[in-house]
């Protein structure tokens, strides 16, 4: 490779190296070919811990991230030409060098060259004993038409673009169609993400990378879908932490993240009531966003309290199964008549529980809204509480909360979880 090409390639590899360092958790692989005369030598790099494992032909080495540009340049300078694909989640860059030129461009979605795909897969198989299934597979997919979806809705997490994710979380069948028994779940999750977009854009203005905590995460469907859309749809960086007290579902979420290559996600088995921000702990910085989808009964209180105690910038929760107050509430005067009728008492208990939760969030300095996030025909548990921290604790709102709780003998678990934090 002549000096002019080498000089241009040096600059491009330096920029690519900075990008790798900046976006390492999103990197899938780097693969390409060196060409000398009629001889083509395949090379392949993939993340290995905090480093890159590079395989060139039969040779293999482990590289610190900062050594990537020089290692590739040294080999390329001895060749006539080089072609390299940088494959990250939602992005493919093509670098070509030779004959006095060196260029770097973004490939259209799905435009993966078949020869590099095959060589990369072969090297991955040789290096690890298994064949890597590239995330997305966009170049190999048919343009599936998903059936049974809401007519006219522009889905954010679309079949044809997020097929591997949707299959992994059990929403899509192998034929590329949304499973009939999962359409409701798919609609709920996609609309949840849609309602979060304005908040995510607001939070991203002040952060290079968002830290999102999913409380009582279960199998983490919401986090996986949100992770996909933040990166592929919004082009934002994010780190996710899923928290649950059930070791089995935590392991399931870890396995799913591993199969998807979502290295920006971690999962921790622990009690929400005991986790506070600490440098060496799982919650190592103030969360930008705390989410909780259908955490049952008082688990929603644990999630809200977790967010408030850790001064999360925003909290979004869809409560479920508000049973705590139904056998406890009582009051005097005409309102006592409502409590005589079982179904009405249960509905009042639900409304009172979430009203008190909203007031308690406002008392901690959050600006709160409460909306229906899907039709009640989809699920009766369709209220979404959105809270964004705007100021300091408000003693006046705390007094209103206490007065309402006292009127109905309706003190929540949330109150006990917040003792000493205002």
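What follows is calculated from the coordinates using simple rules that are stated; it is not laboratory data. Since this is a predicted model, take the numbers as computed values, not measurements. A quick note on method: Cβ atoms are made from the backbone with ideal geometry, for glycine too, and the neighbour counts reach across all protein chains shown.
From helices alone, the chain scores -11000 deg cm²/dmol at 222 nm; the rule is -39500 (n - 2.57) for each run of n ≥ 4 DSSP H residues, then divide by the residue total. For the chain, the calculated P(r), taken from all Cα-Cα distances in 20 Å bins from zero up to the bin holding the longest distance, is 23, 47, 23, 6, 1 percent. Using only Cα atoms, tell me the angle between helix 114-128 and the longest principal axis of the chain; keep it within 0 to 90° and round to the nearest 10. Once rounded, one gets 80 degrees. Build a GNM of the chain with springs between Cα atoms under 10 Å apart, and of 159, 343, 287 the one that fluctuates most is 343. Under 14 Å from a label point 7 Å along Cα→Cβ of residue 101: give me every residue in the stretch 67-84 with its amide N that close. Only 81-83 pass the distance filter. The angle separating the long axis of helix 298-309 from the principal Cα axis of greatest extent in the chain is about 70 degrees. Taking the chain as a Gaussian network of alpha-carbon nodes connected by springs under 10 Å, the highest mean-square fluctuation of the residues 233, 391, 37 belongs to 37. Relative to one another, the C-alpha centroids of the stretch 302-321 and the stretch 386-422 are positioned 13 Å apart. Round to a whole angstrom and tell me the spacing of the C-alpha centers of the stretch 220-287 and the stretch 30-49. Centre-to-centre (Cα) distance: 33 Å.
Restricting the count to DSSP beta bridges whose residues both fall in the chain, what percent are antiparallel, rounded to a multiple of 5? Restricted to the chain, the bridges split so that about 75 percent are antiparallel. Overall size of the stretch 281-408 from C-alpha positions, given as principal axis extents largest first: 48, 37, 25 Å.
Counting only alpha carbon atoms, the long axis of helix 342-363 and the longest principal axis of the chain meet at about 60°.
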